[in-house]
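What follows is a set of notes on a single structure, which appears directly below.
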Amino acid sequence: MSRGRRVIVVGGGLAGITSALDCAAAGAEVTLLEVRRRLGGAAYSFTRDGLEMDNGQHVFLRCCFAYRALLARLGSEHLVEVQPRLRIPVLKPGARPFLLRRGRLPAPLQLSGALARYPHLTPRERLGAARAALALMLAGRSRRGRALEHADAITLGEWLERHGQGERALAALWDLIALPTLNLPAADASLALGAFVFRRGLLQDAGAGDIGFHRATLSEIIAAPAARALRAASVEVRLGGGVERVERSARGLRVILRGARDAAEERDGAREQNGRDDRVPSGGEAVAGGGRQRDVGGAEQLEADAVVVAVPHQRAARMLAGALGEQVERFAGIGVSPIVNLHVVYDRTVCEEPFAAGVGTPVQYIFDRTGAAGAPHGSQYLAVSLSGAEREMAMSVEGLRERYLPALSELLPAARAARVESFLVTREHAATFRAAPGVGALRPAARTAVPGLALAGAWTDTGWPATLEGAVLSGHAAAAVALAAP
């Protein structure tokens, strides 16, 4: 047990929530500091036109055991569901919908039947895709494969091209998985992370890649339950106060808080770094509360035996520059990848599927969020998730509307006669770290050179790409470091 140990957790996202709960469960006295006036980090909800909307569409896989265990810990696991078997409706303009679903064969053959019938590749391309998948699996079982996974020197697209996969195969098949999991197309993504995703989700266990969905809003599933769980664990939660820096002290570590004006500026910076909603005012994202929470007013200093910094890497680099020196310079070089979400409300049902993927269209993934958002009877609210969205980040709302509403009508015939009642855009310009070749060498471990100072966040070296699972795993690792500190 760690009774009497004082731990400060900086950041109220999944990593910070996990770390705080772990440390409190071990008997530590824990304070969690979050610059925003809500918990949840990059996964949050807002209200617009009477609808509860999520800033982005976060899904998970059956093999995301740490994330699912956290939801059970928060008491919100009943608000998510996992497919009985992987099932992805694939839509293409002018073509009949195709169901890409797993059969009852063991891995890696569970998708062989669907791949053999996949209409968006030629028979020769399907055979080539099967061979490439087999090569990817076998590479992971060999010494050479393990070395390749950690080399992180080339893109997944380059490796696939060497194994006979052309542009059509990448766009019509491989990017269906690469884009939503890596937030980059295969042509740009690290082979190491791409290989991890395909092996873990599709090639090692037949059911690992079954998709999990959030049936309620993220504030209902993460923010509000986390506030209750932290309160029950006697964690002091301070919302609305920023951190200037973390430094060594006579006791161990010292956290220097920002003044009220600086904290407001940091909240604006966090909002700009993690997302911008073209129509939602900044106050619209203050959703969570509870649990011995109070705003931090003027500048303040807090002493601790251990500190967990669980914020995006760019913010972590600023507050730890003095404490970590060269290590900060290394992880400050990690890039970011954007995600853009389109929120479209129709006056009628235009999509019968709970979610669908697009091929041969700018539309990547569509999610029916009508029930979760509380949309009026008869209408339908669809969220369109666009990963690796550098181009879309630079487009105006009107430009996105002109490009994507016709594209949706091409995929969904019923949308052609429907009236669009609302069109909203949310942008996350730093949604994830950039999963490009070379990033593996930049991602730091939870343990730092400063005793008691730990790093957490999906950007740290969890082995996973920037996912809900990676964030939770990083929180566990950072808590272990904090609790082991002298």
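The values are calculated or read from the model by the stated rules, or taken from the named source; none is laboratory data. Worth saying up front: this structure is predicted, and the values here are computed from it rather than measured. For neighbour counting, all protein chains shown are included, and Cβ atoms are generated from backbone atoms with ideal geometry for every residue, glycine included.
Among the candidates Pro108, Pro119, single out the residue that is modelled with pLDDT under 95 and part of a loop (DSSP other than H, G, I, E, B).
Answer to the check: Pro108.
Which condition number does Val246 fail, the rest of (1) in a strand (DSSP E or B); (2) over 25 Å from Gly41 (Cβ atoms) being met?
All conditions are met except number (2).
Picking from Glu421, Glu469, which residue would you name as being touching a residue at least 40 places away in the same chain (Cβ under 8 Å) and either of a type in the set (A, V, I, L, M) or in the same structural domain as Pro376 (by TED's automatic domain parsing) (or both)?
Glu421
Pull up segment 21-37, narrow it to residues that are in a loop (DSSP other than H, G, I, E, B) and of a type outside the set (A, V, I, L, M), then point me to the one that is farthest from the chain's Cα centre (by Cα). Let's see the steps before the verdict.
So the first thing to find is which residues in segment 21-37 are in a loop (DSSP other than H, G, I, E, B), and the list is 26-28, 35-37.
After this cut, where a residue has to be of a type outside the set (A, V, I, L, M) as well, the list is 27, 36-37.
Values: Gly27: 30, Arg36: 18, Arg37: 20 Å.
It comes out as Gly27.
Suppose we filter Gly298, Gly322, Gly269, Gly284 for residues that are outside any helix (DSSP H, G or I), at pLDDT below 95 and not aliphatic (A, V, I, L, M); which single one remains?
Gly298
Every residue, every condition in (1) at pLDDT 95 or above; (2) within 26 Å of Thr467 (Cβ to Cβ); (3) crowded, with 23+ Cβ neighbours inside 10 Å, yes or no:
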{"site": "Glu303", "(1), (2), (3)": "yes, no, no"}
{"site": "Arg318", "(1), (2), (3)": "yes, yes, no"}
{"site": "His343", "(1), (2), (3)": "yes, yes, yes"}
{"site": "Thr349", "(1), (2), (3)": "yes, no, no"}
{"site": "Glu353", "(1), (2), (3)": "yes, yes, no"}
{"site": "Ala356", "(1), (2), (3)": "yes, yes, no"}
{"site": "Val363", "(1), (2), (3)": "yes, yes, yes"}
{"site": "Gly371", "(1), (2), (3)": "yes, yes, no"}
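Would you point out which residue out of Leu408, Leu400 is under 24 Å from the mean Cα position of the chain (by Cα), assigned by TED's automatic domain parsing to the domain that holds Val345 and in contact (Cβ under 8 Å) with a residue 24 or more places away in the chain?
Answer to the selection: Leu400.
I need every pair where a residue in segment 1-22 that is within 18 Å of Val255 (Cβ to Cβ) has its Cβ under 6 Å from the Cβ of a residue that is of a type in the set (Asp, Glu) and not in a helix (DSSP H, G or I), sequence separation at least 6 or different chains.
Within 6 Å, the pairs are Arg5/Asp305; Arg6/Glu29; Arg6/Asp305; Gly12/Glu34.
Do you know which of the residues in segment 154-205 that are under 21 Å from Lys92 (Cβ atoms) and of a type in the set (D, E, K, R) is surrounded by the fewest Cβ atoms within 10 Å (Cβ to Cβ)?
Within segment 154-205, the match that is surrounded by the fewest Cβ atoms within 10 Å (Cβ to Cβ) is Glu167.
What's the total number of residues in segment 306-357 that are closer than 30 Å to Ala407 by Cα and free of Cβ contacts under 8 Å to residues at least 24 places away in the same chain?
1
Given (1) touching a Phe, Trp or Tyr at 6+ places or on another chain (Cβ under 9 Å); (2) part of a loop (DSSP other than H, G, I, E, B); (3) surrounded by fewer than 24 Cβ atoms within 10 Å (Cβ to Cβ), identify the lone condition not met by Trp459.
Evaluating Trp459 over (1) touching a Phe, Trp or Tyr at 6+ places or on another chain (Cβ under 9 Å); (2) part of a loop (DSSP other than H, G, I, E, B); (3) surrounded by fewer than 24 Cβ atoms within 10 Å (Cβ to Cβ) leaves (3) as the failure.
Among the residues of segment 32-65, which ones are closer than 28 Å to Asp305 by Cβ and surrounded by 20 or more Cβ atoms within 10 Å (Cβ to Cβ)?
Matches in segment 32-65: Leu32, Leu33, Glu34, Val35, Arg36, Arg38, Leu39, Gly40, Gly41.
The rows are residues; the columns are (1) in contact with a strand residue (DSSP E or B) (Cβ under 7 Å, 6 or more places away or on another chain); (2) assigned to a loop (DSSP other than H, G, I, E, B).
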{"site": "Pro180", "(1), (2)": "yes, no"}
{"site": "Asp188", "(1), (2)": "yes, yes"}
{"site": "Ala192", "(1), (2)": "no, no"}
{"site": "Phe196", "(1), (2)": "no, no"}
{"site": "Leu202", "(1), (2)": "no, no"}
{"site": "Ala226", "(1), (2)": "no, no"}
{"site": "Arg231", "(1), (2)": "no, no"}
{"site": "Ser234", "(1), (2)": "no, yes"}
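Just need a number here: residues in segment 369-396 that are farther than 22 Å from Leu182 by Cα and either more than 23 Å from the chain's Cα centre (by Cα) or assigned to a strand (DSSP E or B) (or both).
Matching residues across segment 369-396 total 10.
How many residues are closer than 23 Å to Arg101 by Cα and in a loop (DSSP other than H, G, I, E, B) when one looks only at segment 341-365?
11
For segment 52-102, how many residues meet the condition of being in a helix (DSSP H, G or I) and among the hydrophobic types (A, V, I, L, M, F, W, C)?
8
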